[in-house]
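See below for the structure under consideration.
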Ligand code: HEC
């Protein structure tokens, strides 16, 4: 590679990384949700039989969708009744999960 192309290459790479972050957050949210949450909330967010028995609500309904991002993040991080807390998730991971929950709205 000629010397002059290197800064251009670095800038292009940095731009590609920055631009891919919002997309990655949502995709990561979907993967995390399937791995950690679907057992109770169902892959589609409507709730598994076990989750419903424990008191989980259908994520596709207004009941959940009208909650603010802050409320959803708070329940995910700190738990609520039988909802376990996920205090070790990174803020971007919680954001990705909230974005995924929003995408389930009917
Ligand atoms: C062991 C079962 C279980 C797992 C696993 C679980 N939850 Fe929950 N979750 C619940 C229950 C039960 C509630 C209802 C709490 C209440 O209001 O009493 C709930 C509530 C919620 C709510 C508030 C809306 C509602 O249904 O009341 C959100 C948002 C939520 N969970 C997100 C998540 C996310 C994101 C994950 C994965 C990181 C997750 N949950 C994993 C059982 C679970």
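Any read-out appearing in this document is the output of simple, stated calculations on the displayed coordinates, not a laboratory observation. Model, not experiment: these values are computed from the prediction. Every residue, glycine among them, receives a Cβ derived from its backbone with ideal geometry; neighbour counts consider all protein chains shown.
Just a few scattered comments:
- Footprinting exposure proxy for 92, 63 (fewest neighbouring C-beta atoms within 10 Å first): 63, 92
- Where labels lie 7 Å past Cα in the beta-carbon direction, separation of residue 65 and residue 92 in nm: 2.9 nm
- Using R0 = 41 Å, the C-beta based FRET efficiency linking residue 50 and residue 5 works out to 0.15.
- Dividing the summed helix terms, -39500 (n - 2.57) for each DSSP H run of n ≥ 4, by the number of residues in the chain produces a 222 nm estimate of -18500 deg cm²/dmol to the nearest 500.
- Average projected area [Cα convex hull, the stretch 5-103], square nanometres: 7.1 nm²
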